[in-house]
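The values are calculated or read from the model by the stated rules, or taken from the named source; none is laboratory data. The shown structure was predicted, so the numbers you read here are calculated from the model rather than taken from an experiment. Cβ placement follows ideal geometry from the backbone for every residue including glycine, while neighbour counts extend to all protein chains displayed. Side chains included, ligands, DNA and RNA excluded: accessible areas come from the protein's heavy atoms. Shrake-Rupley method; radii C 1.70, N 1.55, O 1.52, S 1.80 Å.
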Amino acid sequence: MPLQPPGKVICCGLNYGDHIVEMGRELPAHPTLFAKYADTLVPDGADIVLPADAQVDWEAELAVVVGTEIRGADPDEAANAIGGYTVANDISVRDWQNRTLQWFQGKAWDATTPIGPVVVPPDAIDPVAGVDVVCRVNGEERQRGNTRTLVFDCAGLLAYISTFTVLRPGDLVLTGTPGGVGMGMTPPSFLADGDVVETEIPGIGTLTNTVRLTA
């Protein structure tokens with residue numbers, strides 16, 4: 001299934017219990033949402049190019065592709081509106097993200113969010129039963145979570161978002177990242193020039209992208 005250009009890219013932060021703990025936050029009562037532009041998206045195999053002094057972090061995620069238009073949907077209607085699933089990595093520029101309480105400026109750098117390599121139909125995997133979300137850096141596993149531990153599941157997220165904005169076919173909802181991000185390490189660890197980031201969800205596929213930090 002091809003991925004058409006999304007009108008909206010909406011992301012949920014702090015949606016896995018272990019990641020919430022490593023970031024020093026409390027379990028949220030409502031989804032923590034932020035938006036990206038479509039300009040942030042890059043395909044499998046593309047380089048991720050950022051400034052040499054950037055604190056670049058990895059965030060493996062399951063992404064939901066909206067299949068039918070919904071507005072004010074309940075969870076059942078939202079589940080039926082899921083057109084498919086794909087793999088994403090919400091590559092984050094942490095020093096910019098931490099400049100203010102708003103995350104947007106650390107999340108919306110052009111051409112930094114790998115997505116793909118394919119979109120699978122909604123019956124190909126079952127995120128409620130659980131699928132692994134894995135990130136490797138230069139072959140070393142950094143993240144391995146499972147979608148059954150999501151605080152807000154895929155249908156719940158789509159229903160919640162559709163309360164305040166219409167979701168249309170092709171829109172993307174990134175569901176959050178599990179524990180194991182670089183900023184949560186002691187000391188923090190960030191991506192370096194030439195690092196290869198692999199993002200895998202069994203049943204969908206693997207993204208492979210190289211980080212290029214330029215002067």
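Normalised size of region 1-145, defined as Cα radius of gyration per 2.2 N^0.38 Å with N residues, equals 1.07. Computed from the Kirkwood radius of its Cα pairs, the Stokes-Einstein diffusion coefficient for region 90-182 at 20 °C and 1.002 mPa s stands at 139 µm²/s. Between the listed residues CYS12, LEU62, PRO178, the Cα displaced farthest toward the positive end of the dipole of the chain, a dipole computed from Cβ unit charges relative to the Cα centre, is found at CYS12. Projecting the Cα atoms of ASN80, THR113, SER92 onto the dipole axis of region 65-122, where Lys and Arg carry +1 and Asp and Glu carry -1 at the beta carbon, places SER92 farthest toward the positive end. Here the peptides 66-75, 111-120 are ranked by packing, the mean other Cβ count within 10 Å, and the order with the highest first is 111-120, 66-75. Taking 0.36 nm per residue of sequence separation and removing the Cα-Cα distance, the ASP76/LEU27 pair yields an extension gain of 15.2 nm. With protein chains left intact and a 1.4 Å probe, residues in the chain average 43 Å² of accessible area per residue. Distance between the modelled labels on ALA52 and PHE164, one decimal in nanometres: 4.1 nm (7 Å Cα→Cβ projection).
Across the chain, C-alpha contacts under 8 Å between residues 6 or more apart give a mean separation that, scaled by the residue count, equals a relative contact order of 34 percent. At an R0 of 41 angstrom, the distance between the Cβ atoms of LEU101 and ALA38 translates into a FRET efficiency of 0.95.
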